[in-house]
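The values are calculated or read from the model by the stated rules, or taken from the named source; none is laboratory data. Since this is a predicted model, take the numbers as computed values, not measurements. Cβ placement follows ideal geometry from the backbone for every residue including glycine, while neighbour counts extend to all protein chains displayed. For accessibility, only protein heavy atoms count, side chains too; no ligands or nucleic acids. Shrake-Rupley method; radii C 1.70, N 1.55, O 1.52, S 1.80 Å.
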Amino acid sequence: MSIPNRPFGVELEFNSAPHPQVVAWMIEQLGFKAADSDEPMNNYRDFTYWYVGDDSSISGPGVHIEVSSPILRGAKGLAEVRKVCRVLQQLGCKTNSSCGLHVHVAQGRLSPRVTYSLIKRYGTFEDEIDSDVICD
């Protein structure tokens, strides 16, 4: 199955994380642009940066962060998300039921049939999607 080149973005929430500056620096070591919460978000309106910020909606131990991706596309974008997630795991970032994963997909020309299929898949795999399990 080929992966469409539709634009998307992700927001990843964690507790037990290092300071956002450390996370942003590690993402930069992967060769990606990154900014932390000490830098104003409006400096990065071109949406090519991974943005790492504090998140007060998260509970649990340690520092609470949200990592937001730039606009990504297709298989290359998924590979970038995978690399960032591996770094977050190496840094000891954890999740609990107060953390979330948000995926934004550009609507573009989603047909009613594709929209229905997405909703149906979410309904089928809701428990897995909403679980606290981190997959490799």
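Tabulated results
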read-out: Residue-level accessible surface for Asp127, protein heavy atoms, 1.4 Å, Å²; value: 130
read-out: Distance histogram in 5 Å bins (all Cα pairs of region 69-113, percent per bin); value: 5, 15, 20, 22, 18, 10, 6, 3, 1
read-out: Dipole axis of the chain (+1 Lys, Arg; -1 Asp, Glu on Cβ), positive-most option in Leu72, Val23, Val84; value: Leu72
read-out: Assigned charges on the beta-carbon of Lys, Arg, Asp, Glu; region 1-113 dipole about Cα centre (debye); value: 780
read-out: Calculated diffusion of the chain, Stokes-Einstein form, Kirkwood radius summed over Cα pairs, 20 °C and 1.002 mPa s, µm²/s; value: 135
read-out: Cut-off 17 Å, label 7 Å out along Cα→Cβ of Arg6, residues of region 71-85 by amide N; value: 71-79
read-out: DSSP-defined beta bridges in the chain - what % are antiparallel, rounded to 5; value: 85
read-out: For region 13-127, accessible area per residue (1.4 Å probe, heavy atoms of protein chains only), Å²; value: 63
